[in-house]
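S.K.: Structure incoming, see below.
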C-alpha cells in the first residue's frame, strides 16, 4: 500500500517544496523591485521635466540615468549564443580557470546580495535616524557616492561572501544565488513582447540543447557537469601566493558556484533538489513586461 503513494512522498519532498516556494517568492519579490525602480525613474523624470533650464543645467551630472537596462532585439538574440560560449569555456577550461571563476563570482555576488539586502537595511535604519541622514551621500574614492544603508548592505554582503568562502555552506550559496536572481530580474527589463518572445525562444532552445542533446556531442551533459562542479577556494589560492599558514584558510572547502539554488532533502540524507538561476530569471522576464 505504501508503495502506491511513493510518488506522492517524492513529489512532496522537503527539497522539492522548498525549491518551488523559494522560486515563486523570488519571482514575486524581483518583479516588485523592478516595478518600484520603474516608478522611481518615472518620478525622477517628471521632476526633471518640471524644472527650469537653469535648474536642469545646475543639476546636470548629479542625476544618473535609470538603474534599469533595456534589452533590445539584437541583444536578446545574442544572449543565448553568449551563454552557450560561456558554458563551453567553463566546460573545457574549468580546471585551469576555476580560481578566477570563483573570485569573479564572489565579487558579482557581493554586489547583487547588497542590492537584495538594501531595503532591509533601509527599513531597520529608519528609526535610528531621520530621512535626511539616510539620504545623505558619502563619497568613496574611485567608487562614487553612497547612502548609509547602501554602505551597510554592502558591508553585510561582503561579510556573508567571506563566510561562504570559508565554509562553502549551501545556505549561504543559496543566499548569493537569490541576490543574483533578484538583481537580474529588477535591473534588466524587456521593453516589448517581441523582445521577450525572442529571448524566451532562444533560452528555450539553449536549455533543451545543452540539457538533453549535448551528451551526444560531448559525451557528457555539459549543463549538469558545469553546474555541479566545485571550484578551488580563492582564499586558499591567495594564502598560497602570500605564503600565509592559517589552518582555517588551508582547510577551506571547494566552492560550488552560486549559479543555482540547492535544497537538501530531510527524508533522504545527501539528496538535493537543484534549480538553475536562469530558469527562474527567464520565466520572470515576461511577467515583468
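The values are calculated or read from the model by the stated rules, or taken from the named source; none is laboratory data. From a predicted model like this one, the values you see are computed outputs, not experimental measurements. Cβ coordinates were reconstructed from backbone atoms using ideal geometry, including for glycine residues, and neighbour counts include every protein chain displayed.
S.K.: Being in contact (Cβ under 8 Å) with a residue 24 or more places away in the chain and either loosely packed, with under 13 Cβ neighbours inside 10 Å or out of contact with any strand residue (DSSP E or B) (no Cβ under 6 Å at 6 or more places or on another chain) (or both) is the filter here, so list the residues in segment 82-102 that pass it.
M.R.: Within segment 82-102, 83, 84, 87, 88, 90, 91, 94, 99 qualify.
S.K.: I'm told residue 272 meets every condition in (1) modelled with pLDDT of 85 or more; (2) more than 30 Å from residue 71 (Cα to Cα); (3) touching a strand residue (DSSP E or B) at 6+ places or on another chain (Cβ under 6 Å) except one. Can you identify the failing condition by its number?
M.R.: (1)
S.K.: Take the conditions modelled with pLDDT of 85 or more and within 22 Å of residue 237 (Cβ to Cβ) and apply them to residue 161. Does it pass? Show your work before the answer.
M.R.: Values: modelled with pLDDT of 85 or more: yes; within 22 Å of residue 237 (Cβ to Cβ): yes.
So residue 161 fits the description; yes.
S.K.: Here's another thing I want to ask about it. Taking residue 182, is it on the phi < 0 side of the Ramachandran plot and not in a helix (DSSP H, G or I)?
M.R.: no
S.K.: Here's another thing I want to ask about it. Kindly indicate whether any position in segment 157-175 is touching a residue at least 24 places away in the same chain (Cβ under 8 Å), out of contact with any strand residue (DSSP E or B) (no Cβ under 8 Å at 6 or more places or on another chain), surrounded by fewer than 18 Cβ atoms within 10 Å (Cβ to Cβ) and farther than 30 Å from residue 253 by Cα.
M.R.: No, that holds for no residue.
S.K.: Scan (1) farther than 19 Å from residue 176 by Cβ; (2) at pLDDT 80 or above for the single condition residue 245 breaks and write down its number.
M.R.: (2)
S.K.: Taking the condition more than 17 Å from residue 25 (Cα to Cα), touching a helix residue (DSSP H, G or I) at 6+ places or on another chain (Cβ under 8 Å), in contact (Cβ under 8 Å) with a residue 60 or more places away in the chain and crowded, with 16+ Cβ neighbours inside 10 Å, does residue 236 pass?
M.R.: no
S.K.: Could you tell me which residue of segment 65-82 is modelled with the highest pLDDT, considering only residues that are in contact with a helix residue (DSSP H, G or I) (Cβ under 6 Å, 6 or more places away or on another chain) and more than 15 Å from residue 192 (Cβ to Cβ)?
M.R.: Residue satisfying both the conditions and the ranking: 80.
S.K.: Still on this structure, please answer the following. Return the only residue of 211, 222, 226 being surrounded by fewer than 17 Cβ atoms within 10 Å (Cβ to Cβ) and closer than 18 Å to residue 90 by Cα.
M.R.: Matching residue, one of 211, 222, 226: 211.
S.K.: Check residue 198 against each of (1) surrounded by 19 or more Cβ atoms within 10 Å (Cβ to Cβ); (2) out of contact with any strand residue (DSSP E or B) (no Cβ under 9 Å at 6 or more places or on another chain); (3) within 26 Å of residue 103 (Cα to Cα) and name the one condition it does not meet.
M.R.: It is condition (3) that residue 198 fails.
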